[in-house]
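Here's the structure we're looking at; comments come further down.
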Amino acid sequence: MAKSKLFWPIMVLVFILVFNLFFDPSFFTVEIRNGRFTGSLIDILNRGAPLMLISIGMTLVIATKGIDLGVGSVIAMSGAVGAMTVTGSPEGSLTPLFLAIVLALGVSVLTGVWNGVLVSRIGVQPIVATLILMVAGRGVAQLITNGQITTVYYEPYKFIGGGYLLMLPLSIFIVAFVFLIALYLTRKTSIGLFIESVGANPSASRLSGINSKNIILMVYMFSGLCAGIGGLILSSNVASADGNNAGLWYELDAILAVVIGGTSLMGGRFFLTGTIIGALIIQSLTTTIYSIGVPAETNLVVKAVVVLIVCLLQSPEFRNKVFGAFTRKGIKDTKDKGVTLS
Amino acid sequence: MKSLKLDYRQLPLLATFALFIMMYAFGSTRYTGFLSTQVFLNLFIDNAFLIIVAVGMTFVILSGGIDLSVGSVIALTSMVAASLVMNAQLSPWIVIPICLLVGSLIGLGQGCLIHFFNLQPFIVTLAGMFLARGLSYLISVETIAINNPFFDFMASSRIPLGDSFISISVVIALVVVVLAVFVGHYSKFGRNVYALGGNEQSAVLMGLPVGKTKIMIYVISGFCASLAGLVFTFYMLSGYGLHANGLELDAIAAVVIGGTLLTGGAGYVAGSVVGVLILGIIQTIIVFEGTLSSWWTKIAIGALLLLFIVFQRVIVIRSKVKKSSVT
């Protein structure tokens, strides 16, 4: 049990949730109010939905030894496109809603194609390739919204992020849907294996007949799509589009969630369930910090410390130096001696 | 005829120079008043802090690493300086060394984590970015305005240069550039940085002090970031946790546009200065144009970055083909 990659993330999540119980005895209660489930747990799931979605996409990107820094900007762009499409539409028809969804997701997938082509065809390092979108994407988002915070008055649009289905927030269903599809595609078909082998050794997998370039292109497209859905949820939640602040820092949170979930930044094996738990840990941490009255700004410091600890625990050098004295020596000596920066 | 042959390493730098001259010529013909000494000097005055950061970043990228924490270190420095001067009423002569020490220590910590535990520079400095911004929020969430004779002097004094002027910050930036050019191109440490960026394993096999160099690079970057933070504080006369948000990207863009290869091992410190000036001239053109909004700056920087990265890839691929055809 303790050997499982999921053991420690789950323990941390449980610890954070139980910690909350001391401050708020009603933390675990879920009540039915106005025909809907309400409670802190539901709240964490609902608010964490965009992060979970983006982290799912990020997991696959990181599994191919890449990284997608552009997701924050894609959130802003997708939200901007969605909000601008429905502004001023009549309440009665649902056509603008679907048009907004299609356009926003189309733009997001396009950004994924952009990143994917840069990384797989031109051979730019992922950090740098996606950095371009991170810088320029926010500019484009502001271009779409004319630099203003656009408010949406069209009611159906608010349903994406604020609607309820079967007494639960709709966003939870969206996350579950995307998660199950990703899980099915990567675990029941060979795509998952392809992604892992591309991440572990791109040239070896090319020699064994895997089209690494298309696999890489595909994961960036998927990451763009996930960020696009997240952007729609976020913008519909606040019924507005803000090119400057929508999705700010999300790329960092998503990377953090993936790393906590046990996927190594070196590429190779990935753990989608771990990622979901990682995203939930981050969301519960945020909720906890707000609810126990510590200044919200501590959040950043806490996240920094958490990410460093997790990275150190993943580092073979650290394990050898710190735990090496207690365990059999030299098990991991031969591993990961190469140059780190890919 | 060897002197006429261009090294592939110099191509990006030449392209950058040509671009700068072209943009300047474009601005001069299009807008009246663009071609004045003061407009040119303003490029330095407004971007003095970015020049300093870019110099530190050049060393990091030359070594094949990356430092995402510089923007936050600037914010932290401005916060520390503001709170120590205004709230603790300390003399600037004590405050300035403390500020520089803070940045250098953050750099030292990052360098140690990267070297000793073989962590990726990207993730370590990402954590450093969170940490520094979080710490500056812990000092205060509000803006702290600075009202101190020394800071006022640094902010407002003008050094006449013909019929125009520069600020003290520009002098600081230029001193940093000169020192960095010397360290980068004429010192043992500089050679080690290039060797490390070229191929780390070869550097180890050659018996170079890889660990020491690596840690030192991040200390330099941290030091430059905090010095830039001080210059930024002179410029803004306030401390605020959101200062210089996203500046790390501008710095990386400046270094790349300045002709340093992102894979490390090739580039020039002086190139990064030209890179910063190009970013500055984009902003100036957008201001002169008047009708364009400021977000066009971001799009223009992104487009330029793309252009130069693709350009670099083409050069690297072509030089590889050449090498393999020779041997």
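Quick notes
- Test item: A:29-39 mean partner chain Cβ contacts at 10 Å: 0
- Note on chain B: along the principal axes its Cα atoms extend 66, 54, 33 Å, ordered by decreasing extent.
- All aspartates and glutamates inside 12 Å of residue A:303 as judged from Cα atoms, apart from same-chain residues fewer than 8 positions distant: A:253
- Excluding same-chain neighbours fewer than eight residues apart, the aspartates and glutamates reachable from residue A:213 by a Cα-Cα span under 20 Å are A:68, A:196.
- Amide H within-cut-off set for residue A:271, under 5 Å, with H built and near neighbours excluded: A:263
- What you get for the protein assembly as shown, charging only the Cβ of Lys and Arg (+1) and of Asp and Glu (-1), is a dipole of about 2540 debye around the Cα centre.
- Exposure proxy ranking, count of Cβ atoms within 10 Å, fewest first, for B:177, B:204: B:204, B:177
- Converting phi to 3J(HN,Hα) with the Karplus coefficients 6.51, -1.76 and 1.60 and the offset θ = phi - 60°, the range B:207-217 yields x, 6, x, 4, x, 4, 4, 4, 5, 4, 4 Hz in sequence order, with x at every glycine or proline.
- Estimated from helical segments only, the mean residue ellipticity of chain A at 222 nm is -21000 deg cm²/dmol, where each DSSP H run of four or more residues counts as -39500 (n - 2.57).
- Positive-end ranking of A:308, A:52, A:265 along the dipole of the protein assembly as shown, with charges on Cβ about the Cα centre, is headed by A:265.
- For residues of B:309-316, the mean tally of beta carbons on other chains within 10 Å: 3
- Computed from backbone phi with θ = phi - 60° and the Karplus coefficients 6.51, -1.76 and 1.60, the 3J(HN,Hα) list for the range B:30-45 is 8, 10, 6, x, 6, 8, 10, 4, 5, 4, 5, 5, 4, 4, 6, 4 Hz; x is used for glycine and proline.
- As a proxy for reagent exposure, A:253, B:67 were ordered by neighbouring Cβ count within 10 angstrom, fewest first; the result is A:253, B:67.
- The dipole here belongs to chain A: it is taken about the Cα centre, uses +1 on the Cβ of Lys and Arg and -1 on the Cβ of Asp and Glu, and is about 1340 debye.
- The protein assembly as shown: C-alpha pair distances exceeding 47 Å, %: 16 percent
- Scanning residues 5 or more positions from residue A:240 or on other chains, those with amide H under 5 Å from its amide H are A:152, with H placed 1.01 Å from N in the peptide plane.
- Placing +1 on the Cβ of every Lys and Arg and -1 on the Cβ of every Asp and Glu, with nothing else charged, gives the range B:7-320 a dipole about its Cα centre of roughly 740 debye.
- Efficiency of FRET between residue A:94 and residue A:38 - r from beta-carbon atoms, R0 30 angstrom, step 0.05: 0.65
- Vicinal HN-Hα couplings computed from phi for the range A:131-140 (Karplus, 6.51 cos²θ - 1.76 cosθ + 1.60; Hz; Gly/Pro x): 4, 4, 5, 4, 6, 6, x, 5, x, 5
- The label point for residue A:18 and the one for residue A:184, both projected 7 Å from the Cα toward the Cβ, are 3.7 nm apart.
- Separation between Cα centres of the range A:157-189 and the range A:1-73, rounded to whole Å: 14 Å
- Which of B:234, B:56, A:284, positive extreme of dipole for the protein assembly as shown (C-beta unit charges): B:56
- The residue list A:190, A:229, A:115 was ranked by how far each Cα lies along the charge dipole of chain A toward its positive end, using unit charges on Cβ atoms, and A:190 comes out on top.
- Anisotropy class of the range A:1-116 from Cα gyration tensor, a/c 1.5 cut: oblate
- When each of the peptides A:96-109, B:99-112, B:52-65, B:162-175 is scored by the mean number of other C-beta atoms lying within 10 Å of its residues, the order from highest to lowest reads B:52-65, B:99-112, A:96-109, B:162-175.
- Pairs beyond 29 Å (Cα-Cα), from A:5/A:321; A:188/A:321; A:5/A:188: A:188/A:321
Each value in this text was obtained by applying a stated rule to the coordinates, not by laboratory testing. Please read all numbers here as calculations on a predicted model, not as lab measurements. A quick note on method: Cβ atoms are made from the backbone with ideal geometry, for glycine too, and the neighbour counts reach across all protein chains shown.
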